[in-house]
Every structure is written in structure tokens, then in C-alpha cells.
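What follows is one structure encoded as C-alpha cells, with my remarks underneath.
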Amino acid sequence: MAFDHRKYRPFTPIRKTDRRWPDRVIERAPTWCAVDLRDGNQALVKPMNIHQKQRLFDLLVKLGFKQIEIGFPSASQPDFDFCRKLIEEDRVPEDVQIQALTQARPELIARTYEALKGARKAIVHVYNSTSTVQREQVFNLDRAGICDIARKGAEMVRDHARDYPDTDWTFQYSPESFTGTELDFAKEVVDAVTDVWRPDQGQKVILNLPATVEMASPNVFADQIEWICDNINYREHLSISVHTHNDRGCGVAAAELAVMAGADRVEGTLLGNGERTGNMDLVTMAMNLYSQGIDPEVDLSGMAEIIETVEACTEISTHPRHAYAGELVFTAFSGSHQDAIRKCLSRRKDGDVWNVAYLPIDPRDLGRRYEEVVRINSQSGKGGVAHVLERDYDISLPRWLQIEFARVVQKEAEGEGGEIDSFSIHKLFDRDYLQVPKGWRLRTYDLHRTDAGVQARIEFGNGTSSVLNGQGQGALEALAEALEKRYGVKIVIEAYDEFALGEGTSANAMACIRAQIDGELYSAAALAEDTTSANLQALLSAVARKVEAAAVDTAAVG
Ligand code: KIV
Ligand code: ZN
């Protein structure tokens, strides 16, 4: 029996009676630290080469990240070389701190300082594993043994820093696997480390609390963070950082709740690359803040460049539904969504607060275009189809024709089984409505107003033209009467609408008509220089369809 939930145990809830974080709201961005070049890189099938690392580093700097973990130089020669390159070629801006990870082992700490030699300012990030499972099954050490590793590591970090007095050092400690560590023990280890570093005496210290593995729901992580903030020594002198992973799919949620619970700093990667299901996604969290009116303090407006660079460096493609970044996240296929978006966008004025149904943020803020918002497939309705024709071809359809034409588009989309682009939609509209049947093009018309209404003389056709004479209340009725006489049909005009067209189009007017001809419905549309010509042509085209359909039927019978 392979799929058996009884193999698992629930995470023990944190006993807490003074929970405050649920009532808090995030009001400003945390300090961000991008760990793409370390945690992200460690998770790649093919780790980045030095050019890819440089490219990603430059992007992170450009976006505004001020703390960037550049690698694990004591564990990897390429990471060591990259670190040296950044420092020796002076590629780190003055306001950016580079960070290097090391295990709490003497030779690795020494090598980390060698890698960072000459840096203006840097963060030495030392870690050891503290969870029950790691203690008992991996290290075979008791609490005191694990605490000892952390304390000794902290001492070595402090002592080596003294050998490089020209660098402005920040020390960072992570009790790795913190989420699986008993809270009282986590406090014991952390206090042991900070007792060595003495942040109260001026040493800058970051305490990073990793959800190395996400083991419970995000509220549990928030409880853990709040508990630590309330109970550790030197809290007011520490920057509390969180580093979440996404094993349960809640990496961003956990980081957000952790900030509500007191965290000052968040580590993550662009688009969430990282071990297993990834690190906390910096783009998502920053954009979540942005969408609440909070300055994220990083500039993500060039999303296309972010995606291109991350994909080129990680060789991982971005999911089309990836929050904020995916190709389809600002696209609506569903008819009712399209309708709502179209209505909201058309009411919106420049400078208004953003309040558009189905679009939590303005796509233009990320360099995306409204043109991509409405796309058509078989799920789309009249609103979307009308929107596309209006947006791309300046053609506004009356409601009755929107409904009718949407069915044509839906049938086509169902047949094709996928998306149908704006060009094809226009082609369908042309085929079914605009195209003038051969021999039916309006050439001239002459209208005379009489006491009985309008008398019309209409000439149409190619080469040999036909002349029709009719009378009615208006030009259309007069033409209808003439056509009834000529073709022996009964015409009832059910609907007609005419529009002036915008500048930049060759025609000035468009008309749409729906007529019952001998009890059958025929619709047509026409473009012309003036509205009367457009109306007359639309009726001619509708009748032409009936006449030609009848001719085909007769031929078939004959
Ligand atoms: O996930 C983790 O615990 C880490 C630490 C080294 C911070 O990446
Ligand atoms: Zn990690």
C-alpha cells in the first residue's frame, strides 16, 4: 500500500496565548536579500557559470537589491572565483552588501574570509543544523553538541573578522532546519551565538530563521517567529530574517505572515527557483506589497528583462500562470471576465486608483500591454470578441451583432481547439459580414424626398450594373421595397445600426443590418464613405446572401 497517509504525523501546534501577529498589517517592505546566486544556484541541474552569475548579479543590483548572497565560496571553486572577481573588479556598488554562506567549520570559515578579502562591506553567513531529526539521525549529537558547533562557529567568525579590519562586517547566523527545531532549543542556540557576537555592543547581526523545509501551515511559522522575537536575547539589536522554502506551496505566505510576526528581513529568489519546490519568490512577495499600495523598494517594472535573465541563467522556464510574471496572468479568456474588464477599463480615467475587476494590478506597471488582456478561445463571449474588434480594428458592433458574431467565433475556436487571434477574428467578420458578394457592390444612389416618403434610385453591380427604383419612409425602406419587387421576396428589417469610424480608417462609416428575408434571418455589415451608402450596401449584401443561397438550392435541386 504505497499511498498511505497514516505514515505521517501532524505538526505539533505552537502553544501560544499571546498571539499578536494576526492583527498586524504589513506597512512597509522588509529588507530584501536575494539568494539566487547561492541557494538558487545550488538547486540547478546545471549550476550557473561565471557569466551567468555576473549577469544575474547585475540584474539584482539594477532592480535595487541591497543585500545579495553571492555564493558558498568555501564549498565551490566557481563561487570562490566569482566572489574574487566581484571584489577585484570592483563590481559591487557602494550601497550593496555581498553575502557569503559558510558552514560553522573552522577551515570553511577561514576560506570564506579569503574569498571576501578586500570587500568594502560584507555579510558572513554561518549556519549549522539544529532540528531534532538532524541532531538524532544525521549528526548523532545532543543539544549541547549542536549548540557547541554554533558557538564555536560564531567565535571563529568574530575572530577572523578582526584580521580584516578594513571591511565593514555584518554577521549572520542561521539555525538551519529551524522549522523542525524545538523553540526552546532554537532560543538556546541563537542566544549562544549572539552572546559571542554581542550585537548590543555595536556588532551588526542578522538572525536568519529558515523554513529549510516547509513543515506546517504559514500561521505556524508566524507563531514560531513571534515566539522567537519575544523570547531571544538582544532582540532590539538584531535584524530578524526569514528564509522560507515552498514545500507546501506557501513560501510567500509564510514569509508575509512572518513579517507580520516581527521579521525585518526576507531572503528569497527571483521567480522562486531553489531547492525542491523552490525558495520564497521575491517577485511575488514584492508585487503583493506593491498591489497593496506599499513601495516594495525594488523596481520590477521591467518584468520581461527579469524573466529573460532568470531563464537564461537558470535554464528554467517561467510557468505561464506564475504570479505577476507568467505570460497568461493578465489574460482573460472567459467571456464574463472579459466583459467586466472591458467595462472597468473603459470607465477608468488616468490618475484613478486602480480598481479593475479580475486585474489585481495594472499590467502596464510590469511593462505588459492591455492588448494581451483579452484573448479569445471557445470560452470567450461576445464582450471579448467585441473588445478585440474594437481595440485592433476600430469596429464597434451593436449588441445584437456581438451575440451573433460571438457564436461564429466560438464555433471556429471549438473547431480549431485553441486560441483564435485578432487577425483571424477580423477575417471571420469579413467573411461572414463585411465581404460584398460578387456583383452586389453599390455604385450610386439618388434619393428624392416626396410627400409620400423617399424615392430611391440605386445602381449596383460590377461591369453591367442593375438599377433599382423603390419608395419608402427612408432610404433603407425604399431599397427594401425595390429589392422585394426585383427578387420576389419579403423583407423585414429587424435591426440596423450605423457608426462613424475613427480617424485612420479608409471608410468613414460602418453599418450593420439584420433582416428577415422570407422568414429567414440574414445579417451583413458594410463600410463606406458615408452612413447612407453603408446602410444601403449592408442591405444589398444581406439580400445577396439570400438570393445566392436560393440560387445554390435551386441548382442543387435542378
Ligand atoms: O534553507 C536553508 O535553511 C538555507 C540555509 C543555509 C539558510 O538555505
Ligand atoms: Zn534555503
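The values are calculated or read from the model by the stated rules, or taken from the named source; none is laboratory data. Please read these numbers as outputs of a predicted model, since none were measured by experiment. As a convention, Cβ positions derive from the backbone with ideal geometry for all residues, glycine included, and neighbour counts pool all protein chains shown. Accessible surface is based on the protein model in full, side chains and every heavy atom, while ligands, DNA and RNA are left aside. Shrake-Rupley method; radii C 1.70, N 1.55, O 1.52, S 1.80 Å.
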To the nearest 10 degrees, the tilt of helix 77-88 (Cα long axis) against the first principal axis of the alpha carbons of the chain is 90 degrees
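For an R0 of 56 angstrom, estimate the FRET efficiency from the Cβ-Cβ distance between Asp295 and Asn140 and round to the nearest 0.05.
Working: r = 48 Å, r/R0 = 0.86.
That gives a FRET efficiency of 0.70.
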Need one number: nm distance between label points at Gln379 and Asp200, each 7 Å from Cα along Cα→Cβ, rounded to one decimal. 5.9 nm
According to a simple spin-label model (label point 7 Å from Cα along Cα-to-Cβ), what is the distance in nm between Lys121 and Glu459? 8.5 nm
Lysines with Cα under 17 Å of Lys427, excluding same-chain neighbours fewer than 8 positions away: Lys382, Lys411
Sorted on mean Cβ neighbours within 10 Å (highest first), peptides 201-207, 278-284 come out as 278-284, 201-207
Sequence-distant residues sharing a close amide H with Ser131 (under 5 Å, placed H): none
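The stretch 44-111: which GluC sites (Glu not before Pro) are DSSP loop and have at most 12 other beta-carbon atoms within 10 angstrom? Before the final figure, lay out the partial values.
Details: sites: Glu69, Glu88, Glu89, Glu94, Glu107; in loops: Glu89, Glu94.
Hits after loop and neighbour filter: Glu89, Glu94.
At 1.4 Å probe size, with every protein chain present, just tell me what the per residue accessible area of the stretch 382-427 comes to in Å².
Working: 2260 Å² over 46 residues.
With the other protein chains kept in place, the stretch 382-427 gives 49 Å² per residue.
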Glu372 versus Arg486, label points 7 Å from Cα toward the beta carbon: distance in nm? 5.0 nm
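Before I look further, what does the stretch 231-306 give for accessible area per residue, probe 1.4 Å, in whole square angstrom?
Values: 2520 Å² over 76 residues.
Normalised by residue count, the accessible surface of the stretch 231-306 is 33 Å².
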Under 5 Å from the placed amide H of Thr244, counting only residues 5+ away or on other chains, we find Ala211, Glu267, Met280
Please determine, in degrees from 0 to 90 and to the nearest 10, the orientation of helix 251-260 with respect to the longest principal axis defined by the Cα atoms of the chain, where the helix direction is its Cα long axis. 70 degrees
What is the antiparallel percent of DSSP beta bridges lying wholly in the chain, to the nearest 5? 45 percent
Karplus 3J(HN,Hα) series, Hz, for the stretch 167-175 with 6.51 cos²θ - 1.76 cosθ + 1.60 (x for Gly, Pro): 9, 8, 8, 10, 9, 10, 10, 10, x
Please give the calculated 222 nm ellipticity per residue for the chain, where each DSSP H segment of at least 4 residues contributes -39500 (n - 2.57) and the sum is spread over every residue; nearest 500 deg cm²/dmol? -12000 deg cm²/dmol
Sort Arg276, Arg158, Arg265, Arg9 by accessible area with a 1.4 Å probe, largest first. Arg9, Arg276, Arg158, Arg265
Over the C-alpha atoms of the stretch 442-556, what are the Rg and the largest Cα-to-Cα span, Dmax, in Å? 14.1, 46
Residues meeting the amide H criterion for Gly381 (H placed from the backbone, H to H distance under 5 Å, 5 or more places apart or on another chain) are Gly335
With θ set to phi - 60°, apply the Karplus curve 6.51 cos²θ - 1.76 cosθ + 1.60 along the stretch 284-291 and write out the HN-Hα couplings as whole Hz, x wherever there is a Gly or Pro. 5, 5, 4, 6, 4, 5, 4, 6
Expected vector for the stretch 330-340, Karplus 3J(HN,Hα) from phi with 6.51, -1.76, 1.60 and θ = phi - 60°, integer Hz, x for Gly and Pro, equals 10, 10, 10, 9, 6, x, 5, 5, 4, 4, 5
Compute the length gained on full extension between Ser424 and Glu94: take 0.36 nm times their separation in residues and subtract their Cα-Cα distance, giving the result in nm to one decimal. 113.5 nm
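Full-extension gain between Arg364 and Gln473, please, as 0.36 nm times their residue separation minus the C-alpha to C-alpha distance.
Roughly 34.2 nm would be gained on extension.
Loop only per DSSP, at most 13 neighbouring Cβ atoms within 10 Å: give me the trypsin sites (Lys or Arg not before Pro) in the stretch 385-443, ordered by residue number.
Numbers: sites: Arg391, Arg399, Arg407, Lys411, Lys427, Arg431, Lys438, Arg441, Arg443; in loops: Lys438, Arg441.
Listed in order of number, the matching sites are Lys438.
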Tilt of helix 218-231 relative to the longest C-alpha principal axis of the chain, in degrees (0 to 90, nearest 10)? 30 degrees
Beyond 36 Å, the calculated P(r) of the chain holds a percent of Cα-Cα pairs equal to 52 percent
By the scheme Lys and Arg +1, Asp and Glu -1, what is the net charge of all other residues having a beta-carbon under 9 Å from that of Thr212? -3
Accessible area in the full protein assembly, largest first, 1.4 Å probe, for Arg19, Arg449: Arg449, Arg19
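Leaving ligands, DNA and RNA out of it, report the carbon-plus-sulfur percent of the accessible area of the chain at a 1.4 Å probe. Mind showing how you got there, number by number?
On the way: 12580 of 26300 Å².
Whole-percent figure for carbon plus sulfur exposure: 48.
I want the antiparallel fraction of DSSP beta bridges within the stretch 53-125, as a percent rounded to 5. Don't skip to the answer; put the middle values down first.
Numbers: 0 of 8 bridges.
The answer is about 0 percent antiparallel.
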How many angstrom lie between the C-alpha centres of the stretch 416-483 and the stretch 214-276? 69 Å
